[in-house]
Amino acid sequence: MTDASSENTGATVLLVDDNPQNLKVLYETLKDKGYRLLIANEGSKALDLARRHQPEVILLDIMMPELDGYQVCEQLKADPATADSAVVFLSALDDVDAKVRGFALGGADYISKPFQAQEVIARVRTHARVIRLERQLQERNRELENDQTRILNSISEGIYGLDEHGIIEFANPAAGLISRCNAEELVGQNFFQLHFAGMVPEGATMPVMATCSQGVAESQRGIAMLRADGS
């Protein structure tokens, strides 16, 4: 296996065309490049394969019966399971309007027929690499978020995460214990209305409000707060 094919190992590429000869050409072009290749000869089958296998790259013919490439792309981009796949349109239509429409629907690239093998190889390699890196980054971000949540949940002091309007987006178990309710019940409530209703004189600034609305760091101690039950 060459260095290039080793780099591509694990990436899935879905080939979609209603013309068997075109599918054969694409398959022969990519079969030794280290990809896992899937084949569909119609739009509905392409959607099913894409949802089940979530390919990095989809080479998608535009002119197909029943569901054309534009319709398939629109459905792919509307589905969270397939929205991040790189859709590369394949078509003999070489006018600007056809390309613009494809890009407007979320297409990542465009290859004109008849195919040039080196162009197909280069474009697939580029898009597969980008999508794999993006997915790895997303997975790493999820891991970091989970680690952060575990750390915050283990702290014995009450911790809240608020949006710019003071709506509670996160509360650790200690915050729920202090408020005498489950932490999940705090999420979605307005922090200021929940804990300071009637306690701050009219016109006065509520504690940490500037932090939420302006991103200004505040350090305040000894603040009296209401519990969720009003006590």
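Data overview
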read-out: Environment charge at Ala171 (Cβ cut-off 9 Å; Lys +1, Arg +1, Asp -1, Glu -1); value: -3
read-out: Under 17 Å from the Glu119 label point (7 Å along Cα→beta-carbon), backbone N, the range 28-61; value: 29-30, 59-61
read-out: Potential extension, Asp48-His165 segment - 0.36 nm per residue separation minus Cα distance; value: 38.0 nm
read-out: Inter-probe distance in nm under a simple model that places probes 7 Å from Cα toward Cβ, at Glu74 and Asp97; value: 1.6
read-out: Inter-site label distance for Ser112 and Leu144 at 7 Å from Cα along Cβ, in nm; value: 4.2
read-out: Förster radius 25 Å - calculated FRET efficiency between Arg36 and Ala83 (Cβ-Cβ, nearest 0.05); value: 0.80
read-out: Taking His127, His165 and counting other C-beta atoms within 10 Å, the order from fewest to most; value: His165, His127
read-out: Inter-label distance for Val130 and Gln21, nm, one decimal - labels placed 7 Å from Cα along Cα-to-Cβ; value: 3.2
read-out: Interchain or long-range residues, amide H under 5 Å from Tyr110's placed H; value: Phe89
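Here, each number is a calculation from the coordinates, and none is a lab measurement. Nothing here was measured: the structure is a model prediction, and the numbers come from that model. Using ideal geometry, Cβ is built from the backbone for each residue, glycine included, and neighbour counts are taken over all protein chains shown.
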